[in-house]
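What follows is one structure encoded as structure tokens, with my remarks underneath.
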């Protein structure tokens, strides 16, 4: 189920920030976060903790990661090192959302037929609502 999403023709980071803003604005409580490697840095963890409070992170740490940082970051690294196989099985549950995005792209013709930013957001919203209704039924 999609709870927060963003659209940007400029950068993926801008779309990510829009999704975080939408999620916070909606008052949604986040228990667990699984993000791809692009967002698996300590700064992302710190900003999400600052925005949403206590969250359980399941990320693949970057190669230059250190043990310094907030406690959720340290606990995540500890789980990653202690039981890597179980941790990766849990992490790869995010493939379900990636599959959902691919499915929506196929269903809607792989592109949004709008050019104005407000219409693009409306089209994206309708696609997300359709996705959620489809999977609830």
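Between residue 135 and residue 106, the FRET efficiency from the beta-carbon distance, with R0 = 22 Å, is close to 0.90. Percent of Cα pairs in the range 41-137 per distance bin of 5 Å, from zero to the largest separation: 2, 11, 16, 15, 13, 13, 14, 11, 5, 1. Among 106, 54, 24, whose mean-square fluctuation peaks in a Gaussian network model of the chain (Cα, cutoff 10 Å)? It is 106. Highest GNM mean-square fluctuation among 97, 65, 11, for the chain modelled with Cα contacts below 10 Å: 11.
Were the residues from residue 79 through residue 95 laid out at 0.36 nm apart, the gain over their Cα-Cα distance would be 3.8 nm. Cβ-Cβ distance of residue 10 and residue 56, R₀ of 25 Å, FRET efficiency by 1/(1 + (r/R0)^6): the value works out to about 0.20.
Relative to the longest principal axis of the C-alpha atoms of the chain, give the angle of the C-alpha long axis of helix 12-26, reported between 0 and 90° and rounded to the nearest 10°. For helix 12-26, the angle is close to 90 degrees.
Restricted to Cα atoms, the range 27-78 shows a radius of gyration and a Dmax of 10.3, 34 angstrom. Between the Cα long axis of helix 117-136 and the first principal axis of the chain there is an angle of about 70°, rounded to the nearest 10.
Counted residue by residue at 0.36 nm each, then reduced by the alpha carbon distance between them, the extension gain from residue 88 to residue 116 reaches 6.1 nm. Identify which of 69, 100, 27 has the largest mean-square fluctuation in a Gaussian network model of the chain, with springs joining Cα atoms closer than 10 Å. The residue that fluctuates most here is 27. Across the chain, Cα pairs under 8 Å and at least six residues apart give a relative contact order of 21 percent.
Any read-out appearing in this document is the output of simple, stated calculations on the displayed coordinates, not a laboratory observation. None of the values given here were measured: they were computed from a predicted structure. FYI the Cβ positions are ideal-geometry reconstructions off the backbone, even for glycines, and counts take in every protein chain you see.
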